[in-house]
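The values are calculated or read from the model by the stated rules, or taken from the named source; none is laboratory data. Small disclaimer: the values here were computed from a predicted structure and weren't measured. So basically every Cβ, Gly included, is an ideal-geometry build from the backbone, and we count neighbours across all protein chains shown. The protein model used for the area step is the full one, side chains on, heavy atoms only, and it has no ligands, DNA or RNA in it. Shrake-Rupley method; radii C 1.70, N 1.55, O 1.52, S 1.80 Å.
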Amino acid sequence: MDEMITTTEAGQLLGVSNQTIRRLVHNGKIVAIRTEGDKFRVSKNSVEQYLKSRLVSPDSQTNVQ
């Protein structure tokens, strides 16, 4: 089973707020479950996959001005 982390831990990995993590979960960008205490636990693997998808390859030929 995938390691589950708190929204705070997920936010630290991505450098974003808990609110942004919840928004990403709501939009289906990362996977999470709700605990009995109505708190989110986020799939660490999905956070890492999301982060990888957002990285820009150093080989890309984009010109930033």
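Of the residues making up the range 25-34, just one is of a type in the set (Gly, Ala, Ser) and outside any loop (DSSP other than H, G, I, E, B), namely Ala32. Filtering the range 25-34 to residues that are among the hydrophobic types (A, V, I, L, M, F, W, C) and open to solvent by 60 Å² or more (accessible area, probe 1.4 Å) leaves Val31, Ile33. Output the residue which, of all residues in the range 17-40 that are basic (Lys, Arg) and touching a residue at least 12 places away in the same chain (Cβ under 8 Å), is nearest to Met4 (Cα to Cα). Ranking the qualifying residues of the range 17-40, first place goes to Lys39. With respect to the conditions (1) of a type in the set (S, T, N, Q); (2) at pLDDT 90 or above; (3) exposed (fewer than 14 other Cβ atoms within 10 Å of the Cβ), Gln65 lacks only one, and its number is (2).
If you check Thr20 against the conditions, is it at pLDDT below 95 and of a type in the set (Val, Ile, Thr)?
Against the criterion (at pLDDT below 95 and of a type in the set (Val, Ile, Thr)), Thr20 does not qualify.
Yes/no matrix, rows are residues, columns are (1) crowded, with 16+ Cβ neighbours inside 10 Å; (2) outside any helix (DSSP H, G or I); (3) under 8 Å from the mean Cα position of the chain (by Cα):
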site: Asp2; (1), (2), (3): no, yes, no
site: Gln12; (1), (2), (3): no, no, no
site: Thr20; (1), (2), (3): no, no, no
site: Arg23; (1), (2), (3): no, no, no
site: Glu36; (1), (2), (3): no, yes, no
site: Arg41; (1), (2), (3): yes, yes, no
site: Asn45; (1), (2), (3): no, no, no
site: Ser53; (1), (2), (3): no, no, no
